[in-house]
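The next block holds one structure in the form of structure tokens; read it before the comments.
Laboratory data are not the source of any read-out in this text; all were calculated from the coordinates shown. Predicted, not measured: the structure shown is a model, and the values here were computed from it. For neighbour counting, all protein chains shown are included, and Cβ atoms are generated from backbone atoms with ideal geometry for every residue, glycine included.
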Amino acid sequence: MDLPDVHLLSSGTALPGAPISNAELAERFGGDALFAEWADTFVGTRNRHFSVDLATAEVRFRLADLGRIAAEKALDAAGLTTADVDVIVMGTSSPDQLMPATVNVIADQLGINNVPTYQLQSGCTGAVQALDVAQQALQTGRHRTALVIGGDTCTKHLDLNLDPAKLSPSELVPGLMFGDGAGAAVLSTTPTDGSAVLRKVLVRLTGLGRKPGHVVEWYGPADLADPPPSVGEDYKAIEESVPTMAVEILEEMLDDLDWKDVDYLLPPQLSGKMTDLIVKRLALPDAQEVSVVAETANTGNALPFFQLERLLPRLTDQDRAVAIAVESSKWIKGGLALEKVS
């Protein structure tokens, strides 16, 4: 039996507060102009948005707040309401709480009830994994419209008392890469004028026997006597592995689809500099790049939705797009392919 096409109708996004530049970060943490210049040159991420007020340490936005805003924007862009949503799937590596699940808090804020909800905890492929689950749910025929949400609030792990002068470059780089945000998309088996067909979603764990490239701890009372560092990152392993994995993802997807070329490339968004290196390795000179990381920083599971939000209005008939994501905590390959059809 042929499965029905699943269409990406829209995408919406949300960022907390005003952008924070490298110069503003340097001023807040006692750095100098050379620090900001180093960040611009070697990291290539110029701005980020934080849920935490750097001056007061007040948490101004929770992930649920950002997810609700992004979902409302996505539904509005699709011309739908919350009453049209049959199923909700969310991907995040930083839920507001272990329980209740953030996806259910967002549903409550939206006024949605009596639908299946799923929350997937994963790094930078969580959004792709959520889209995969939503696509499969729609193809069963039991649902017609899915709301897919992805986002992270990484600044809950930010030490506001850190001294950049005491950190090595390998410790500084991850701290400059990340920001907070959320995104959402609406999928349906019923197309609209602005929609694109989701031709393929790739999700594959490839971490057997490999050390994690990224670790985020959580603590209970028994851990507090001698807690490990809350975040650990093997940036060198990420720098070495992600470009190679990105090429493997692209080649596999193009082979499976029998596509010789694509019109748009949505590359992994680790940092501005890393994205530039990955795009060169992917070697698609005729594809238009859709990148946002230099302005938003790495917002984890929100980033693909920022890319999709920019992509959808640009697609014309027969355009093809490929998005690539790599999860470095335990090494997951992720990707999706879209095609605009009449």
Net charge near P191: determine it from the other residues with C-beta under 11 Å of the C-beta of P191, scoring Lys and Arg +1 and Asp and Glu -1.
-1
With Kirkwood's inverse mean 1/r over C-alpha pairs for Rh, give me the Rg to Rh ratio of region 1-83, two decimals please.
1.19
Along the positive direction of the dipole of region 7-188 (beta-carbon charges: Lys, Arg +1; Asp, Glu -1; about the Cα centre), which of L75, H157, H7 reaches farthest?
H7
Which residues' amide hydrogens lie under 5 Å from the amide hydrogen of Q288, considering only partners 5 or more residues apart or on another chain, with H built in the peptide plane?
Y264, L265
Here, region 7-188 modelled as identical Cα point scatterers in vacuum has Debye log10 I(q)/I(0) at q = 0.18, 0.20 Å⁻¹ of -1.07, -1.23
Suppose every Lys and Arg Cβ carries +1 and every Asp and Glu Cβ carries -1, with no other charges. What dipole size does region 196-339 come out with about its Cα centre, to the nearest 20 debye?
120 debye
Whole-Hz Karplus ³J(HN,Hα) for region 295-302, in order, using 6.51 cos²θ - 1.76 cosθ + 1.60 and θ = phi - 60°, x for Gly and Pro?
9, 9, 6, 7, 9, x, 6, 7
Ranked highest first by the average count of other Cβ atoms within 10 Å around their residues, in what order do 239-245, 314-320, 178-184 fall?
178-184, 239-245, 314-320
For E72, net neighbour charge (Lys/Arg +1, Asp/Glu -1) across residues whose Cβ lies under 14 Å away
-3
Radius 10 Å from Cβ of C124, net charge of other residues (Lys, Arg +1; Asp, Glu -1):
-2
Using only the alpha-carbon atoms, how far is helix 126-139 inclined from the longest principal axis of the chain? Give it as 0 to 90 degrees, nearest 10.
20 degrees
Can you give the relative contact order of region 179-242 as a percent, counting alpha carbon pairs under 8 Å and 6+ residues apart?
26 percent
Counting sequence-distant residues (5 or more places) and residues on other chains, those with an amide H built under 5 Å from that of T45 are G272, K273
Spelling out what I want: for every residue of region 73-79, take phi, set θ = phi - 60°, compute 6.51 cos²θ - 1.76 cosθ + 1.60 (Karplus), and round to whole Hz; glycine and proline get x.
5, 5, 5, 5, 5, 7, x
Can you give me the convex hull volume of the Cα atoms of region 196-339, divided per residue and expressed in Å³?
131 Å³
Per residue of region 263-273, what does 6.51 cos²θ - 1.76 cosθ + 1.60 with θ = phi - 60° give for ³J(HN,Hα)? Whole Hz please, x for Gly and Pro, Karplus curve as stated.
8, 9, 10, 10, x, x, 10, 6, 7, x, 5
Just order 44-54, 292-302, 278-288 by mean Cβ neighbour count inside 10 Å, highest at the front, would you?
292-302, 44-54, 278-288
